[in-house]
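Remarks on the structure that follows.
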Amino acid sequence: MRFGMRFGRVAGRPFESQRPLTVQLSRTSLADSPLSSVEAIIAGLAGVGYIASRRIATALFMAEHLQKPVLVEGTAGVGKTELAIATATLLDLPLIRLQCYEGLDESKALYEWKYGKQLLYTQILKDRMGEALEGAHSMEAAMDRLHGMGDLFFSEGFLEPRPLLKALQSEHGCVLLIDEIDKSDEAFEAFLLEMLSAFQASIPEIGTIKAKIPPLVFLTSNNVRDLGDALKRRCLHLHIPLPDAHLEERIVATRVPGVEAQLTRELVAFVQSLRDIELRKVPSISETVDWARALVLLHADALSPDLVRETLNVLLKFEQDIVAVEPKLNDLLGRASEVSGGE
């Protein structure tokens, strides 16, 4: 198998952002990697509590071996953020998370200066100004000395790294999660392009800082706004849809081991039927898991109209949706019981 880029998360190997397409990758050093194959990824993620479809595992396999960020899209609650968390757990790497919001800029995402430390050193320099300028017999000589001292205030010792810079400086690699990128401004999206294409960042006072070991990068989006083509070109695209009944049953069984198999089938069938109704917000996987936990907490062994009515607020987040569903409860429960094979 041939790839356009070689692996970067191996200590001691230089990283090159682009490689000829004729480079042959050796798989011997990757035989024991949790990301060595699609099947290994599916099994490994299941072992840390994340049930991945083959599409998800394939995207993660390509992201690792092509050294490409993954842009994970889908409705809220389908497991986008959890994928990054589970991957970090699987690889036993630190997770560095950048939560995006409107107005986010490089001082919060990449770096800022330690102003307090700079002020302290300025005072020390002031107190020793005479000693520092001793022997400078001209204005030019004095200015040269002061200029050299001034440069010290904008060196790495005075740098306060933020999530993106921490990811680049990570000694042993990391998983970088840029969460809800669609909530940030287009200007910040453009700022990310250098980081995503070459795993480096430019700091005017210092220069270019390149990743010691390129991070495995996940960007998540709830499609609040359309993302730019330049960002999308730099990423592998992964859309996580709402799961079918079989996959959702496996997810619930993994995340809520205390729930009975029949109740799992019945509650998943009920949630699946809710998604066929026009609601302001249909329940996602996270709501299904929360509801299963609530039913276990209430020692439920089957769904009843009263039980469902009392716990609908776990599944549905808007009162208008609860009001719309309540008159249909008996029909929905009957259909769920029939689909799940209950009595």
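The values are calculated or read from the model by the stated rules, or taken from the named source; none is laboratory data. Just so we're clear, the structure is a prediction, and the values are computed from it rather than from any experiment. Cβ sites come from the backbone with ideal geometry, for glycine too, and all protein chains shown count toward neighbours. Accessible surface is based on the protein model in full, side chains and every heavy atom, while ligands, DNA and RNA are left aside. Shrake-Rupley method; radii C 1.70, N 1.55, O 1.52, S 1.80 Å.
Considering the alpha-carbon set of the range 190-241 alone, what are its Rg and its Dmax in angstrom?
13.1, 44
Tell me, in nm to one decimal, what length is gained between Ser37 and His299 on full extension, where the rule is 0.36 nm per residue of separation less the Cα-Cα distance?
This chain segment gains 90.3 nm when fully extended.
Given points 7 Å out from each Cα along the Cα-Cβ axis, report the Asn313 to Ile203 separation in nanometres with one decimal.
Once both label points are built, they end up 4.9 nm from each other.
At a Förster radius of 35 Å, what calculated FRET efficiency corresponds to the Cβ-Cβ distance of Val339 and Val48, to the nearest 0.05?
FRET efficiency, Val339 to Val48: 0.70.
Just to confirm a number: summing +1 for Lys and Arg and -1 for Asp and Glu over residues other than Val268 whose beta-carbon lies under 15 angstrom from that of Val268, what do you get?
-3
How large is the accessible surface per residue of the range 213-277, computed with a 1.4 Å probe and reported in Å² as a whole number?
I get 43 Å² per residue for the range 213-277.
Rounded to the nearest 0.05, what FRET efficiency is calculated for Glu112 and Arg233 with R0 set to 22 Å and r the Cβ-Cβ distance?
0.15
For the pair Lys281/Asp226, report the inter-label distance in nm, with labels modelled 7 Å from Cα in the Cβ direction.
The two pseudo-label positions are separated by 2.6 nm.
What pairs from Lys183/Lys281; Lys80/Lys317; Lys68/Lys317; Lys68/Lys281; Lys166/Lys317 go past 30 Å between their alpha carbons?
Lys68/Lys317; Lys68/Lys281; Lys166/Lys317
Provide the FRET efficiency to the nearest 0.05 for the Asp306-Ala245 pair, computing r from the beta carbons and using R0 = 25 Å.
Here the calculated transfer efficiency is 0.55.
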